[in-house]
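This report refers to the structure that appears directly beneath it.
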Amino acid sequence: MPAWNILSPLSDDIDAPTQSMLGLAALAAELAAQGVSVKDLFARTGVQPSQLEDQHARISRRQRLAIYRNAVSLAKRSDIGLLAGARQRISDYGIYGYAMVSSSTFGEGLKFSVEHITMAGSTVLQISFHVENETAILKSHGTQSLGHLLPFVAEFWRSSMTALFSRVLEAPFPSARMLFPFPAPVHWRNYERMFNCPIEFDAGSMEWHFPADVLDRRCPNANPITAQVCQQFCDVVMAERPGETDLVRRIRTACLNSPRRFPPAEEIAEELGVSLRTLHRRLAQEGVSYQSVLDNMRRSIATEFLENTHLMIDEVAERVGFSDATSFRKAFRKWTGHSPTHYRRPNPVDLPA
């Protein structure tokens, strides 16, 4: 059993457009069932209903909170957060969800989910995880910043993650205890029905306890190749590098969610809400270029493929955005000082096309 102590990345820039629309389709669907239109849900938030169908759309944490405020004021039922969260599916979480469900064990999937929590649209500042005796504990930090939205966010988050974890395990998730730092709402009995565990309100912190032995449970849909591919792309784009700026991290995030993986600068500038000229100017001020950001991503991903798969050189070249193997070999040698074959390992894995 792993003895982890994990703290999710700290992200306190409330206006940075770094969050996907993950989870919001379920919220819109639940409100629609209550007679509320998605247009009203997104009113005065700067987000368009059409963006729900756009897997590349990005919003800020402030915009997500504005959507949540609309949901609370428009809902016909007070337990809207619980109901909406229960609608979540693996596919609603894209590459984040598929990385979890294909992990070898639930523990590996959970570790990935905490380390990449910003991809799931978290509105709290940080999530920590540790094991104490035989109890695993997820703890939310920075909840006081949510003000009157805290009960809704807590309900929506816990319900969504319970649904996701249950789908990863293909069995009800065995929650043991939940603590919430606010008074019991009028629908408090629904908490016990939803989570099937003791609930404590007016607690000094927001925590989620479950048996630590679930960390070792095998995931029914485990696929180490799928998990590797999903996680390596997330890691390449999301991992903070020494001296890396917020702008570069945002560019890598946008690239991860682009169907072309390595899109032209014009597309990324539009995604980030700035002009192409402004994007280039800001990067120049930081001593980098857009091309160098892409090249660093290409080098990291290509190295992963070369070291860990049976892909041919021309297949690796294609997957990192090159039209032919010759151009890729030339670029790779420029990046690393070595040929691609230098990074081949004796026993790589087979990667599906």
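Please identify the pairs in which a residue from segment 296-321 that is assigned by TED's automatic domain parsing to the domain that holds GLY337 and within 23 Å of PRO224 (Cβ to Cβ) has its Cβ atom under 7 Å from the Cβ atom of a residue that is acidic (Asp, Glu) and outside any helix (DSSP H, G or I), counting only partners at least 6 apart or on another chain. Sorted first by the residue in segment 296-321, then by its partner, the pairs are HIS310/ASP350. Screening the candidates VAL293, VAL316, VAL288 for the property of being of a type in the set (A, V, I, L, M) and part of a loop (DSSP other than H, G, I, E, B) yields one hit, VAL288.
Does segment 282-302 hold any residues that are of a type in the set (Val, Ile, Thr) and at pLDDT 80 or above, and which are they? Within segment 282-302, VAL288, VAL293 qualify.
Of all the residues in segment 214-250, those that are assigned to a helix (DSSP H, G or I) and either at pLDDT below 75 or surrounded by 14 or more Cβ atoms within 10 Å (Cβ to Cβ) (or both) number 20. If you go through segment 133-160 and keep only what is touching a helix residue (DSSP H, G or I) at 6+ places or on another chain (Cβ under 7 Å) and modelled with pLDDT under 90, you end up with THR143, LEU146. The one condition from (1) at pLDDT below 85; (2) buried (at least 22 other Cβ atoms within 10 Å of the Cβ); (3) part of a loop (DSSP other than H, G, I, E, B) that GLN55 does not meet is (2).
Evaluating THR253 against the criteria (1) among the hydroxyl-bearing types (Ser, Thr, Tyr); (2) exposed (fewer than 15 other Cβ atoms within 10 Å of the Cβ); (3) modelled with pLDDT under 85 leaves one unmet condition, (2). Residues being at pLDDT below 75 and either more than 30 Å from LEU150 (Cα to Cα) or under 22 Å from the mean Cα position of the chain (by Cα) (or both) are entirely absent from segment 204-211. If you go through segment 73-132 one residue at a time, how many are of a type in the set (Gly, Ala, Ser), outside any loop (DSSP other than H, G, I, E, B) and modelled with pLDDT under 85? Matching residues across segment 73-132 total 7.
Entry remark, segment 167-196: residues being hydrophobic (A, V, I, L, M, F, W, C), part of a helix (DSSP H, G or I) and touching a residue at least 40 places away in the same chain (Cβ under 8 Å) number 3 in total.
The values are calculated or read from the model by the stated rules, or taken from the named source; none is laboratory data. Since the model is a prediction, treat every value here as computed from it, not as a measurement. Note that each Cβ is placed from the backbone with ideal geometry, even for glycine, and that neighbours are counted across all protein chains shown.
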